[in-house]
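The values are calculated or read from the model by the stated rules, or taken from the named source; none is laboratory data. Keep in mind that what you see is a predicted model, and the values were worked out from it rather than measured. Cβ sites come from the backbone with ideal geometry, for glycine too, and all protein chains shown count toward neighbours.
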Amino acid sequence: MNVLDVIALHSGAADILAEYGLHCFQCAFNTMDSLDAGARSHGLTDVDIENLVADVQELIDAAPKKPETLILTKAAAEALKLIGKQEKKKSICLRVTTDSQGGFCMEFTDKPMSNDAAFVSKGVAGVSLIASPETLWRIGGSTVDFREGKFKLDMEEACGCEGKDCACAQEVCSKK
């Protein structure tokens, strides 16, 4: 795993790296070097690296777990279905991924991988989102919506819709 991906798993990882003399969050190589390679280039020993990895893992393990779900609003499902039709896709299965800067993207895929989880929208048949456990670790419990002509990833429990005009009609809206 490259250094920036480690930091993306938990922002507190940057502090742990700094304690070991690694200021990788500022380094130009943080997207290229693995944690091991970066640590070795800074003179850390095998024992230091084992301790570093254990400290980062302890931090990650202590973080609150996110729900292993994604909510696809009706508006987003309808927009995806339209795009799929325009691109002549037989099935509308989209993989949701995240980048190390917190952004997300969706790309059409033919089928899920063995460890992916699949999510469908209530009210729009034939559209599904899939996400890996790593993606769910970062954005689990989020809502993928379509508003203002753009896909939006709402990291909160609520979808952002207001009252009876809610475009998504998802269970999460009833939690308001």
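Okay, here's what the table says:
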{"quantity": "Helices (runs of 4 or more DSSP H) completely within segment 7-115 that count 2 or more residues being under 21 Å from Lys152 (Cβ atoms) and at pLDDT 85 or above", "calculated": "74-86"}
{"quantity": "Residues located in segment 120-159, provided they are β-branched (Val, Ile, Thr) and under 18 Å from Ala79 (Cβ atoms)", "calculated": "Val120, Val124, Val127, Ile130, Thr143, Val144"}
{"quantity": "Residues being of a type outside the set (Ser, Thr, Tyr) and either more than 13 Å from Cys105 (Cα to Cα) or surrounded by fewer than 17 Cβ atoms within 10 Å (Cβ to Cβ) (or both) - total across segment 128-137", "calculated": "4"}
{"quantity": "Whichever residue in segment 114-127 is over 16 Å from the mean Cα position of the chain (by Cα) and free of Cβ contacts under 8 Å to residues at least 40 places away in the same chain and, among such residues, is surrounded by the most Cβ atoms within 10 Å (Cβ to Cβ)", "calculated": "Ala125"}
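To keep it simple, each residue is scored yes or no on (1) in contact with a strand residue (DSSP E or B) (Cβ under 7 Å, 6 or more places away or on another chain); (2) over 25 Å from Asp145 (Cβ atoms); (3) among the small types (Gly, Ala, Ser).
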| position | (1), (2), (3) |
| --- | --- |
| Glu50 | no, yes, no |
| Gln57 | no, yes, no |
| Asp61 | no, yes, no |
| Lys65 | no, no, no |
| Leu80 | yes, no, no |
